[in-house]
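Undergrad: Provided herewith is a single structure, encoded as structure tokens, for subsequent inquiry.
The values are calculated or read from the model by the stated rules, or taken from the named source; none is laboratory data. The structure displayed is predicted, hence computed values, not measured ones. Every residue, glycine as well, gets a Cβ built from its backbone with ideal geometry; the counts of neighbours run over all protein chains shown. In case anyone asks, the SASA skips ligands and DNA or RNA and just uses the protein heavy atoms, side chains included. Shrake-Rupley method; radii C 1.70, N 1.55, O 1.52, S 1.80 Å.
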Amino acid sequence: MMRALLLSACLLATPLIAQENLNHEGSVGIAGRYTVEGINPDRSAYNGTLEMTQDGDLYRIVWTIAGQRYTGQGRLEGRVLTINWDGDSTPVVYVVMPNGALHGTWSDGYALERLQPQR
């Protein structure tokens with residue numbers, strides 16, 4: 001019984017901690033190189049690399065997927081990075097995770113993407 005109560009308390013606290021992290025204002029250093037893993041809207045998997053640069057409050061992105069380059073740009077608000085790109089009319093929306101990875105969705109939520117920093 002006590003174990004179940006502790007587990008419930010942890011699960012209930014997790015969204016609050018995540019919300020606090022999302023609302024935390026401060027500099028987030030996300031420019032750099034990333035490994036890309038994703039799932040297309042048709043559920044096929046893809047992978048590649050991404051290069052992100054920062055120019056003031058504007059982030060520019062170049063994805064290289066299967067030998068093709070895609071570009072985009074956008075802004076970071078708190079821990080949410082929204083990128084408009086040349087491959088779709090809807091933006092890619094990423095959440096910056098505490099470990100520096102970015103988890104995102106695109107194609108109006110039908111596709112997923114994870115960026116892992118290259119260290």
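Undergrad: With a 1.4 Å probe and every protein chain left in place, work out the accessible area per residue of the range 40-117 in Å², rounded to a whole number. Don't skip to the end; give the middle numbers.
TA: Details: 4340 Å² over 78 residues.
Result: 56 Å² of accessible area for each residue.
Undergrad: Suppose the chain between Asp42 and Gln118 were pulled fully straight at 0.36 nm per residue; how much longer would it get relative to their current alpha carbon spacing?
TA: Values: separation 76, 0.36 × 76 = 27.36 nm, distance 2.75 nm.
Here the answer is 24.6 nm.
Undergrad: How high is the FRET efficiency from Asp88 to Asp57, r the C-beta distance, R0 25 Å, rounded to 0.05?
TA: Values: r = 23 Å, r/R0 = 0.91.
The formula returns an efficiency of 0.65 here.
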